[in-house]
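All remarks here apply to the structure that follows.
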Amino acid sequence: MLEVKGLRKSFGGSEILKGVDLSIGKGDVLAVLGPSGGGKTTLLRCLNFLERADAGTMTFLDRTMDMPGSGKKDIAAYRRHTAFVFQSFNLFANKTALQNVTEGLIVARKMARAEAEARAMAALERVGLADKRDAYPSQLSGGQQQRVAIARAVAGEPDIIFFDEPTSALDPELIGGVLDVIRALAEDGMTMIVVTHEVNFARNVSTRVLFMDGGKALAEEPTAAFFQEQKLERIQSFLRSLDRKEGEL
Amino acid sequence: MSERVLNILITSFPRILGQGLLVTIPLTVISFALALIIAVICAMVQIADVKGLKQIVRFYIWIIRGTPLLVQLYLVYFGLPDLGVALPAFPCAVAVFALNEGAYCAETVRAAIEAVPRGQMEAGYCVGMSYIQIMRRIVLPQAFRTAFPPLSNSLISMVKDTSLAANITVTEMFMTTQRVAGRTYEHLALYAEVALIYLIFCTVITWLQRLGEKKLNAMNGGNVIRA
Ligand SMILES: Nc1ncnc2c1ncn2[C@@H]1O[C@H](COP(=O)(O)OP(=O)(O)OP(=O)(O)O)[C@@H](O)[C@H]1O
Ligand SMILES: [Mg+2]
């Protein structure tokens with residue numbers, strides 16, 4: 001469904017993405033793992049044009065775009081099929097939970113208010129926060145904010161959702177609730193790319209794993225193969241270091 | 001206090017206050033409203049980095065902030081007629097106050113917009129909104145909350161600065177007071193009286209500011225200003 005070839009991105013002379021390829025089919029959940037600074041966030045931001053790639057082509061729903069050259073209209077059309085969930089939630093601070101979800105539907109998609117609200121309520125219900133519809137972001141916990149952000153993403157009925165470390169900004173006791181929501185989405189067949197440091201989540205929920213290090217994709221393979229038949233020493237040592245950390249807790 | 005002074009104060013009070021309500025307040029309100037429009041446009045031009053326009057805006061802010069308000073009033077009212085542009089006193093005062101305050105408020109508004117976290121804009125893009133839509137519905141309302149106290153400050157300054165319009169023959173409160181004082185020689189009492197009226201005006205604005213802040217806070221669920 002989404003295929004990217006030769007994605008490159010530099011910031012001020014240093015190349016952060018050095019030619020990344022990836023491909024994801026409908027219903028796939030691609031977990032993006034890798035050490036800090038490896039370029040995972042940059043990759044995801046380039047995929048939704050929050051950052052403009054220096055090189056690369058993207059094929060999405062059978063349309064091919066040159067990533068550095070694509071115009072505003074193409075990007076806007078593409079974004080109507082995608083959604084993004086940020087590490088720091090980025091809920092609209094001046095809107096209630098319900099308005100956060102309806103805003104894009106009403107303003108960008110010109111949906112009638114009643115229809116947008118019905119759809120938004122269904123989305124909030126899905127993340128278990130229907131009762132918080134009138135709360136402002138500042139009145140919600142981090143975990144609740146992230147679940148509203150996921151409802152906002154889902155309400156647009158995207159073909160693919162990008163998650164950038166959706167639980168990294170959360171207190172440990174709030175992580176589970178958010179991961180449960182994402183897992184439920186996966187079970188419903190939602191296509192997703194999830195940057196995460198939660199290895200168990202990647203192991204249990206994802207169908208494929210992309211391992212990023214130093215701006216390159218060191219591996220892109222089915223989840224089972226990634227964890228069970230890992231041949232690359234670099235990745236083995238990364239996984240071992242995570243196991244150690246979890247052991248310490 | 002002698003009976004004469006008391007009488008002068010009592011008879012002049014409605015006259016001065018009346019000029020305040022009829023001239024000072026409209027002059028302030030119209031000028032400030034225009035200043036806000038100028039400020040938002042200038043701030044947006046700078047933030048959106050509109051080539052060419054941005055240089056013009058920087059130049060305008062530089063000129064205004066670098067010269068005294070009184071000199072600006074004289075330039076426009078007494079100077080421009082030499083170029084064939086002769087404005088009546090009141091519109092002239094409105095133009096100068098609006099342009100002057102607009103330059104200062106532009107910086108306030110720009111700082112407030114820049115204080116809205118980048119993620120708000122990005123989240124807007126990701127749900128498909130356009131730059132203008134996000135600005136109008138997400139960023140500016142939040143920036144307005146941040147800018148509201150400093151803008152109220154500017155408004156309070158402006159109420160008092162309108163007394164400078166007396167210099168270009170606008171008969172606002174201060175000029176009215178000057179006239180009475182010139183006739184009666186009761187300077188201390190009359191200038192204290194007009195000072196008191198300015199104080200009342202500013203107190204009312206401060207009170208409205210508190211009310212406005214409460215309302216804005218309620219509309220934003222308590223506190224908007226967070227990282
Ligand atoms: N806007 C930017 N300007 C300059 N450098 C940047 C910018 N964004 C990212 N970088 C650099 O790019 C590199 C990769 O960053 P990125 O955020 O993509 O890594 P990451 O894999 O997401 O790391 P983490 O796991 O810590 O989130 C880092 O060295 C970072 O300093
Ligand atoms: Mg990151």
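The values are calculated or read from the model by the stated rules, or taken from the named source; none is laboratory data. Values in this document were obtained by computation on a predicted structure and should not be read as measured data. All Cβ positions, glycine included, derive from the backbone under ideal geometry; neighbour counts span all protein chains shown. Accessible surface areas use protein heavy atoms only, side chains included; no ligands, DNA or RNA. Shrake-Rupley method; radii C 1.70, N 1.55, O 1.52, S 1.80 Å.
The table below gives the values:
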item	result
Answer residue from the stretch B:112-143, given it is free of Cβ contacts under 8 Å to residues at least 24 places away in the same chain and of a type in the set (Gly, Ala, Ser) and is surrounded by the fewest Cβ atoms within 10 Å (Cβ to Cβ) among those	B:SER130
Strands (runs of 3 or more DSSP E) contained entirely in the stretch A:34-133, each with at least 2 residues that are closer than 18 Å to A:VAL148 by Cα and either away from chain B (no Cβ under 12 Å) or away from ligand 1 (no atom under 16 Å from the Cβ) (or both)	A:82-85
Hits in the stretch A:23-47 (condition: more than 18 Å from A:MET212 (Cα to Cα) and either open to solvent by 50 Å² or more (accessible area, probe 1.4 Å) or within 15 Å of ligand 2 (Cβ to nearest atom) (or both))	A:LYS26
Residues located in the stretch A:230-246, provided they are assigned to a helix (DSSP H, G or I) and open to solvent by 50 Å² or more (accessible area, probe 1.4 Å)	A:GLU233, A:ARG234, A:GLN236, A:ARG240, A:ASP243, A:ARG244, A:LYS245, A:GLU246
Odd one out for A:VAL20 among (1) in contact with a Leu (Cβ under 6 Å, 6 or more places away or on another chain); (2) loosely packed, with under 14 Cβ neighbours inside 10 Å	(2)
Tally of residues being closer than 23 Å to A:ILE16 by Cβ and open to solvent by 20 Å² or more (accessible area, probe 1.4 Å) across the stretch A:206-220	7
Checklist (1) touching an Asp or Glu at 6+ places or on another chain (Cβ under 8 Å); (2) of a type outside the set (Val, Ile, Thr); (3) crowded, with 16+ Cβ neighbours inside 10 Å applied to B:CYS42, failing item	(1)
